[in-house]
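Note sheet for the following structure.
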Amino acid sequence: MTWPAALLAGLAVLAIAGLPRERSAWSVPPVWAPAPAAALGLLVGIPAAVCCGIVCAAVVRAVRRRSERRSAAAERAGAVEAVAVLAAELRAGRPPAEALAAAAAVGEGPFAHALSGAARALHLGADPAQVLRAAAPGSAAAAALRALAACLQVCAGSGGSLAGATEAVAGSLRADEEQRLAVEGELAGPRATAMVLAALPLAGTLLAAGLGAHPLHVLLRTRAGGACLVAGVLLDLAGLWWTERLAEGVQR
């Protein structure tokens, strides 16, 4: 009965941790998040319930982080294409407002919304550079928005070629994106190695159980074993977190 109950505890914590952050009629206050693991801890033992809750919360956080990284990568890739389209439209002689609208159609996420806002600002006679700068903090392609804002401001004041300046920005963005993809490819190996190392304790426990050493009884039914279980899970997750922090530091 130990492992089914522990699984239920983990699934309950996983479900609560995955609820939307916005309050709604069916949302659960954050203070009740530990309740399922605490209640089922009376059945399975506190160490197993705590570990299940910690692991499930870590999995939810990892899934969210991966989704955020994918969205950011898609936005940056879309920014490269959008700025290239913007430069081509300007070179073809289209007005800046129409060129920005065409570029927004191929962009992604907040970057595309920023370009649309700049196009509307031009139609209304407002400052498009200010719109782009205001949207930069919420975009994964903030540097591209600031560069485009500088191009619009400088070219409007000096009468320079907006198409030429935009082409230079497009080339710089393309080079940065190629470098970022190359760095991600180099980091794939260390990340995979960290995942394999994190799974080794579980593999060792299963191997010991197969040899008749009864590690699960020690980990789940003794105080020293429970303390080692919780400490081991925390250290394992800390190692994964630290590896990810190092990888993110390299990507910056």
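Quick notes on this one:
- Taking every alpha-carbon pair under 8 Å whose residues sit at least 6 apart, region 92-149 reaches a relative contact order of 28 percent.
- Cα shape, region 190-252, gyration tensor, a/c 1.5 rule: oblate
- For region 145-229, the equivalent ellipsoid built from the Cα gyration tensor has semi-axes of 61, 15, 5 Å, listed from largest to smallest.
- Shape of region 44-153, Cα gyration tensor, a/c cut at 1.5: prolate
- Dimensionless Rg over Rh [region 103-158; C-alpha; Kirkwood]: 0.95
- Taking 0.36 nm per residue of separation and subtracting the current Cα-Cα distance, fully stretching the chain between ALA62 and ALA188 would add 43.8 nm.
- In this rough spin-label picture, where each label sits 7 Å from Cα along the Cβ direction, the ARG94-ALA227 distance is 6.9 nm.
- Normalising the average separation of contacting C-alpha pairs (under 8 angstrom, six or more residues apart) by the number of residues puts the relative contact order of region 94-252 at 13 percent.
FYI, it's all coordinate maths here, none of it is from the lab. Because the structure is a prediction, the values reported are computed rather than measured. Every residue, glycine among them, receives a Cβ derived from its backbone with ideal geometry; neighbour counts consider all protein chains shown.
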